[in-house]
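J.: The structure under discussion is supplied below as structure tokens; questions concerning it will follow.
The values are calculated or read from the model by the stated rules, or taken from the named source; none is laboratory data. Given the structure is predicted, the values throughout are model-derived calculations rather than measurements. FYI the Cβ positions are ideal-geometry reconstructions off the backbone, even for glycines, and counts take in every protein chain you see.
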Amino acid sequence: MKTAPLTKRNWIVTCLLAAASVAYLFLVFLPGQSAIRELRAELHQRQQYIVDADRLLCAMEQTRQEMKEAEAYVDQWRESAVDHGALSELFGQMMTQAKDCGVLVTRFDPQPKVAMESIVQAPAVIACEGNYHQVIAFVCALESMPATIWIDEVLLAPASDNATRMRSEVRLRVFADNPEDSN
């Protein structure tokens, strides 16, 4: 008969251990796993933030480098740019280039200047006569001038009085530094 109370006692101990195990499972282990999962998610989020910050740091450094290059280009352009007041001298140099190329200027028509934020555009129309090679040499001479000049259009037509000569009209824009720019 002694075995019966031990079995009953074993069952009670087993039930108590099982209840304690279930209580531990639901009250400690599972909530702990949930907290660990949340901490891992937070850790992953912070690690991703650090990785993104590294990428941003590289992008910022690249942007700084591009900004330095742009500033150097602007400084170089401003040093070589025609001064707003020296446009008439530049137009005189254009007339000298035309004469040197053997082109006869029939009309020089400076257009109203267009002031922009940092620069001034000075459009002009130059009508001239010469043979094909002289006109092309004049256009090349304009393009090789040290000032920033955009040639928008070159119109070529035969001269009415001579088949070997042609009339041309060159529409161009000269870019000069804007003296009103406070930067």
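Let's see how each residue does on (1) under 27 Å from the mean Cα position of the chain (by Cα); (2) charged (D, E, K, R); (3) loosely packed, with under 10 Cβ neighbours inside 10 Å; (4) not in a helix (DSSP H, G or I):
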site: R9; (1), (2), (3), (4): no, yes, no, no
site: I12; (1), (2), (3), (4): no, no, no, no
site: A19; (1), (2), (3), (4): no, no, no, no
site: A23; (1), (2), (3), (4): no, no, no, no
site: F29; (1), (2), (3), (4): no, no, no, no
site: I36; (1), (2), (3), (4): no, no, no, no
site: T63; (1), (2), (3), (4): yes, no, no, no
site: D109; (1), (2), (3), (4): no, yes, no, yes
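J.: Report whether or not V174 is in a strand (DSSP E or B), surrounded by 15 or more Cβ atoms within 10 Å (Cβ to Cβ) and free of Cβ contacts under 8 Å to residues at least 60 places away in the same chain.
T.: Against the criterion (in a strand (DSSP E or B), surrounded by 15 or more Cβ atoms within 10 Å (Cβ to Cβ) and free of Cβ contacts under 8 Å to residues at least 60 places away in the same chain), V174 does not qualify.
J.: For residues that are β-branched (V, I, T) and either more than 27 Å from the chain's Cα centre (by Cα) or at pLDDT 90 or above (or both), scanning just the range 73-107, find the one that is nearest to M166 (Cα to Cα).
T.: Per the stated criteria, the residue is V103.
J.: Test V51 against the criterion of being at negative phi and outside any helix (DSSP H, G or I), and give yes or no.
T.: Criteria not met by V51.
J.: So in the range 125-156, with the set limited to residues that are surrounded by fewer than 17 Cβ atoms within 10 Å (Cβ to Cβ) and acidic (D, E), which one is farthest from G102 (Cα to Cα)?
T.: Here the residue is D152.
J.: State yes or no: is R40 under 44 Å from the mean Cα position of the chain (by Cα) and not in a helix (DSSP H, G or I)?
T.: no
J.: Continuing with the same structure: If E117 passes every condition in (1) in the same structural domain as R171 (by TED's automatic domain parsing); (2) assigned to a helix (DSSP H, G or I); (3) modelled with pLDDT under 90 but one, which one does it miss?
T.: So the condition that E117 fails would be (2).
J.: Follow-up. Taking the conditions exactly as written (touching a Gly at 6+ places or on another chain (Cβ under 7 Å) and not hydrophobic (A, V, I, L, M, F, W, C)), does G102 satisfy them or not?
T.: Considered against the rule, which asks whether it is touching a Gly at 6+ places or on another chain (Cβ under 7 Å) and not hydrophobic (A, V, I, L, M, F, W, C), G102 comes out as yes.
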